[in-house]
1. From the list B:THR194, B:THR188, B:THR161, which one is without any contact (Cβ under 8 Å) to a residue 12 or more places away in the chain and under 16 Å from B:ALA98 (Cα atoms)?
2. Hey, any hits in region B:99-111 for a residue that's of a type outside the set (A, V, I, L, M), open to solvent by 30 Å² or more (accessible area, probe 1.4 Å) and modelled with pLDDT under 95?
3. Quick one: count up the residues across region B:15-49 that are closer than 19 Å to B:ASP166 by Cβ, in contact (Cβ under 8 Å) with a residue 60 or more places away in the chain and open to solvent by 10 Å² or more (accessible area, probe 1.4 Å).
4. Show the residue pairs meeting these rules: Cβ distance below 9 Å; 6+ apart or different chains; first residue within region B:50-62 and outside the structural domain of B:GLU75 (by TED's automatic domain parsing); second residue surrounded by 19 or more Cβ atoms within 10 Å (Cβ to Cβ).
5. List every residue pair whose Cβ atoms sit under 8 Å apart, with the two residues 6 or more apart in sequence or on different chains, where the first one lies in region B:88-111 and is facing chain A (nearest Cβ under 7 Å) and the second, anywhere, is of a type in the set (A, V, I, L, M, F, W, C) and open to solvent by 20 Å² or more (accessible area, probe 1.4 Å).
6. Just to be sure, is A:GLY130 outside any loop (DSSP other than H, G, I, E, B) and more than 17 Å from the chain's Cα centre (by Cα)?
7. For B:PRO171, indicate whether it is part of a helix (DSSP H, G or I) and not polar (S, T, N, Q).
8. Can you give me the number of residues within region A:158-172 that are farther than 18 Å from A:LEU111 by Cβ and crowded, with 17+ Cβ neighbours inside 10 Å?
There are 2 protein chains.
Amino acid sequence: MELYTYFRSSAAFRVRIALNLKGLPYTPQFIHLLNHGGEQHSVAYKQLNPAELVPTLIDGNRILTQSLAICEYLEETHPEIPLLPSSPLDRAWVRAIALGIACDIHPINNLRVLQYLSNELAVTDDAKTGWAQHWIKLGFAALENQLAGDARTGLCCLGNTPTLADVCLIPQVFNAQRFQVDMDAYPTLQRIATHCQSLPAFSTAAPAQQPDAA
Amino acid sequence: MELYTYFRSSAAFRVRIALNLKGLPYTPQFIHLLNHGGEQHSVAYKQLNPAELVPTLIDGNRILTQSLAICEYLEETHPEIPLLPSSPLDRAWVRAIALGIACDIHPINNLRVLQYLSNELAVTDDAKTGWAQHWIKLGFAALENQLAGDARTGLCCLGNTPTLADVCLIPQVFNAQRFQVDMDAYPTLQRIATHCQSLPAFSTAAPAQQPDAA
């Protein structure tokens, strides 16, 4: 498999973790989101990914986009080490946590949105940081509330084994730290992040460990 | 089942369609997102949905949040009329279309984001409409490109039977029309939307048909 990735992209980070958790080797192809006006906008990459976003996974002659669709695909084609629990209710819980991050936090703070705030709406750097912090704090407060209050929460978001929820949470915690969000307000999320970051599948997927990290 | 819904919410609209497609009856509970400072922020509703967003589905004593997690749950618990095709590659394609809308278009144009633009960043109404149009057009251009260029596209996003992709597309087309996006630029999306809107599962789920429509 080949993964089109950028070290700092939360969405690519998710797929790197998922591939690692499942023990699936892959060849990275680096798409720099800032250099050359954004390599994701090149004609060649747009053929693979019309939305001009990372990641894209190539599996043989199959082209796959959208990080969570890729993770579900990996789950269905390589079920041996599962990213989702077995009961529909637990699966819905894990997916709700994953989507709470992937829909309601991350896209609002994405590079292209921050660029639009600067370039089109003349929003200052301080107000842009305030914007990012606002959506992260709002999402994390809800998530902390959900996870701290649920008996299913363990070392990970569900029990003691990483799931799709942790696959999404850990990149978002990295992103929160970039925006100087104080994680002390979210002790359960911080505890889970610390645990997961100690696991090789997560630590080797981290932005700073990628060959394309500047 | 009980569905906490708001007529104009795209996310609630998705679940209304999914329930209708599967022929599952439900009792609506109305959460007005503007009245009383936003009923989604009430203490009682926050108990069900800590993110203070609609929809929430109650199935017996189970509380389910996040529209796509709810749809996947319905798919697993009521598989008779499927929302997803059978092959992993087609499933990934359908989920990528759904997530391209649910992650990369809708959350950026959500009510709470538009409110933040006005209230915190003093963005004018015109610039706010421009913002919404920008993200819808960007997402729809990519989606049109994907669907027009793929042999699997039929009356619906995949073949001739509605899937999770259409469940997400049709509410987003409604939303685009609210923001005066010219759908002529997206003939494939418009054609699929016109077809789906002729089906009772979609038409009875439409915002104007809901008892809480003002």
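1. B:THR161
2. Taking every residue of region B:99-111 in turn, at least one turns out to be of a type outside the set (A, V, I, L, M), open to solvent by 30 Å² or more (accessible area, probe 1.4 Å) and modelled with pLDDT under 95.
3. 3
4. none
5. Between residues of region B:88-111 that are facing chain A (nearest Cβ under 7 Å) and residues that are of a type in the set (A, V, I, L, M, F, W, C) and open to solvent by 20 Å² or more (accessible area, probe 1.4 Å), the close pairs are B:GLY100/A:ALA51; B:ASP104/A:ALA51; B:ASP104/A:LEU53.
6. Answer is yes for this residue.
7. yes
8. Residues that pass the stated criteria total 9.
The values are calculated or read from the model by the stated rules, or taken from the named source; none is laboratory data. If you're wondering where the values come from, they're calculated on a predicted model, not measured in any experiment. All Cβ positions, even for glycine, are placed from backbone atoms using ideal geometry, and neighbour counts span all protein chains on display. Ligands, DNA and RNA are stripped out before the accessible areas are found, and what is left, the full protein with its side chains, is counted by its heavy atoms. Shrake-Rupley method; radii C 1.70, N 1.55, O 1.52, S 1.80 Å.
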